[in-house]
1. For region 1-73, what class follows from the C-alpha gyration tensor (a ≥ b ≥ c being the square roots of its eigenvalues): rounded when a/c is under 1.5, otherwise prolate if a/b is larger than b/c, else oblate?
2. Work through the residues other than PHE130 whose Cβ is under 12 Å from its Cβ and net out their charges, Lys, Arg +1 and Asp, Glu -1.
3. Quick check on packing: order 4-13, 158-167, 134-143, 49-58 by the mean number of other C-beta atoms within 10 Å, highest mean leading.
4. Which pairs break 30 Å Cα to Cα here: LYS29/LYS163; LYS68/LYS106; LYS70/LYS106; LYS143/LYS163; LYS10/LYS140?
5. Kindly state, to the nearest 0.05, the FRET efficiency for ASP23 paired with HIS133, given R0 = 35 Å and r defined as their beta-carbon distance.
6. Gain in length, LYS10 to ARG125, computed as 0.36 nm per residue apart minus the alpha-carbon separation, to one decimal in nm?
7. Measuring from label point to label point, each 7 Å out along Cα→Cβ, what is the LYS70 to LYS143 span in nm?
8. In whole Å, what is the distance between the alpha-carbon centres of region 121-159 and region 55-100?
Amino acid sequence: MRNYPTQGDKARRAFRAYVDLIDAAEWLKGELRVPFESFDLTMGEFRILELLEREGPLTAGELGRRRKIKRQNMLVVTERLGGRGWIRRRRVRLAPTGNRDAHLPKSERGKLRVGRWAVLLSLSRSGKKFMGHVLPRHSKLVKSLMRVLDAREQDTLSRICRKLQEGDVMRFVREITMEDEGE
């Protein structure tokens, strides 16, 4: 006879995996805190600098969405980084949205449209130099912390983390609702 896991077994297994993931993330953050502090940098500030280094200029709104930072917090962090001379803020006009004339008031149809204003953030010359100094050192430290996993395990971990972020929230809600009704 085959012994299938119960909903409770599945919930306990999922919760254990969640706790293990949170513990591992907190441990990694703790290991990286002192090196970041030596550069007078927080993990959040580094993540913004690294994203701008990797992706190039981004609007403040897009950067906030990518890092899941509220607008007010984004302003504080980017002003601190800007004050240190590591990022540039430029006000730019975005391309107009592709609204069809039918969706516009009659008075606006056929007129030349302009896009809204936005703040474009990019690394400054000193920010690029700073990241050129910090990133290789940080990468070596991360490599040393991750060496307990072989290359295949690191690839699998990355894939699992990305998959978690793409989770189906509605399916999750349905599963919880079904489990609650069954109890």
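1. Details: a/c = 3.60, a/b = 2.01, b/c = 1.79.
In terms of gyration-tensor shape, prolate.
2. Working: positive: ARG84, ARG125, LYS128, LYS129, ARG137; negative: ASP40, GLU45, GLU50, GLU53.
Result for the neighbourhood of PHE130: +1.
3. Numbers: 4-13: 11.1, 158-167: 9.4, 134-143: 13.1, 49-58: 15.7.
So the peptides 4-13, 158-167, 134-143, 49-58, ranked by packing, come out 49-58, 134-143, 4-13, 158-167.
4. Working: LYS29/LYS163 21 Å; LYS68/LYS106 38 Å; LYS70/LYS106 36 Å; LYS143/LYS163 22 Å; LYS10/LYS140 37 Å.
Long pairs (Cα-Cα over 30 Å): LYS68/LYS106; LYS70/LYS106; LYS10/LYS140.
5. Details: r = 31 Å, r/R0 = 0.89.
The value I calculate is 0.65.
6. 36.3 nm
7. Output for this residue pair reads 4.0 nm.
8. Each part reduced to its Cα centre gives a spacing of 22 Å.
Any read-out appearing in this document is the output of simple, stated calculations on the displayed coordinates, not a laboratory observation. Just so we're clear, the structure is a prediction, and the values are computed from it rather than from any experiment. Counting neighbours? That spans all protein chains shown, and the Cβs are built from the backbone with ideal geometry, glycine included.
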